[in-house]
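Step one of this worksheet: look at the structure below.
No lab work stands behind these numbers, since they all come straight from the coordinates. This is a predicted model, so every value here is computed, not measured. Positions of Cβ are generated from backbone atoms using ideal geometry, with glycine treated the same way; all protein chains shown enter the neighbour counts.
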Amino acid sequence: MIQIGDVVVSLDVLKEKFLCNLDACKGACCIEGDAGAPVELDEIEKLEEVLPVIWDELSPQAREVIDKQGVVYTDQEGDLVTSIVNNKDCVFTCYDEKGCCYCAIEKAYREGKTDFYKPVSCHLYPIRVGDYGVYKAVNYHRWDVCKGAVLLGEKENVPVYKFLKEPLIRKFGEEWYKELEEVTEELIRQKMI
């Protein structure tokens, strides 16, 4: 573990390799699991604001869930998460003609229709951030559905923190990320990772 400010970072984030491979997984992280994606309190308003922009992209089942319970709910562990369809798909999940799922919010962002990318927990995946009050913990989450991403990351030699540079900056800021890079380079020089 290393610490930058009030953020403790697992060494796995620095040394493990990862590069999303949608051809291999078809976007399974949006449709597998037992709950929706973690959502920060200030993101609820953003999710609600983007609804009119993406509404037509959403499945009829997703629209029905949103109409009944909203864009988020509290899961069994007490965490605020995106609503899901049939205990599986995130309500913001859509599919392309090849059967690959994608995020309707991210699609709208890339098309310039919204300034909200998607929940930061989705943007950060496979990193999960735990908030423990006095500090935050940044951990690498391993999941079988991401095996293709691990293999591609190893092939291309892309560490998790480099793959996730943009969302890490979004979450913690440019100065924090710059310090993360400097500390990592020093650990590599000292052959500690």
When a/c is below 1.5 the answer is rounded, else prolate if a/b is larger than b/c, else oblate, so apply that to the stretch 26-115 with a ≥ b ≥ c taken from the square roots of the Cα gyration tensor eigenvalues. oblate
Which cross-chain or sequence-distant (5 or more) residues have an amide H under 5 Å from the amide H of Val72, H modelled 1.01 Å from N in plane? Ser83
Under 15 Å from the 7 Å Cα→Cβ point of Asp131, by amide nitrogen: which residues of the stretch 1-30? 6-8
Under a cut-off of 13 Å between alpha-carbon atoms, report the aspartates and glutamates in cross-link reach of Lys147, not counting same-chain residues fewer than 8 places apart. Glu16, Asp23
Pairs beyond 28 Å (Cα-Cα), from Lys113/Lys178; Lys15/Lys113; Lys68/Lys165; Lys88/Lys155; Lys26/Lys178; Lys88/Lys171: Lys113/Lys178; Lys15/Lys113; Lys68/Lys165; Lys88/Lys155; Lys26/Lys178
Relative contact order (percent, whole number), the stretch 26-115, Cα cutoff 8 Å, 6+ residue spacing: 38 percent
Output ordering of 119-126, 145-152, 46-53 (per-residue mean of other Cβ within 10 Å, highest first) is 119-126, 145-152, 46-53
Length gained if Ile169 through Met192 is fully extended, taking 0.36 nm per residue and subtracting the Cα-Cα distance, is 5.8 nm
Packing-wise, with mean Cβ within 10 Å as the measure, how do 87-98, 173-184 rank, highest first? 87-98, 173-184
Determine the percent antiparallel among the DSSP beta bridges restricted to the chain, to the nearest 5. 85 percent
Find how much the distance from Leu22 to Glu64 grows on full extension, using 0.36 nm per residue of separation minus their present alpha carbon separation; answer in nm with one decimal. 12.4 nm
Express in whole angstrom the spacing between the alpha-carbon centres of the stretch 16-34 and the stretch 122-164. 11 Å
In nm, to one decimal, how far is the Glu57 label point from the Leu11 one, both placed 7 Å along Cα→Cβ? 4.0 nm
Take the Cα of Glu40, step 7 Å along the line toward its Cβ, and report every residue of the stretch 109-136 whose backbone nitrogen sits under 16 Å from that point. 115-125, 127-136
Using helices alone, what [θ] at 222 nm do you get for the chain, with -39,500 (n - 2.57) per DSSP H run of 4 or more residues, divided over all residues and rounded to the nearest 500? -11500 deg cm²/dmol
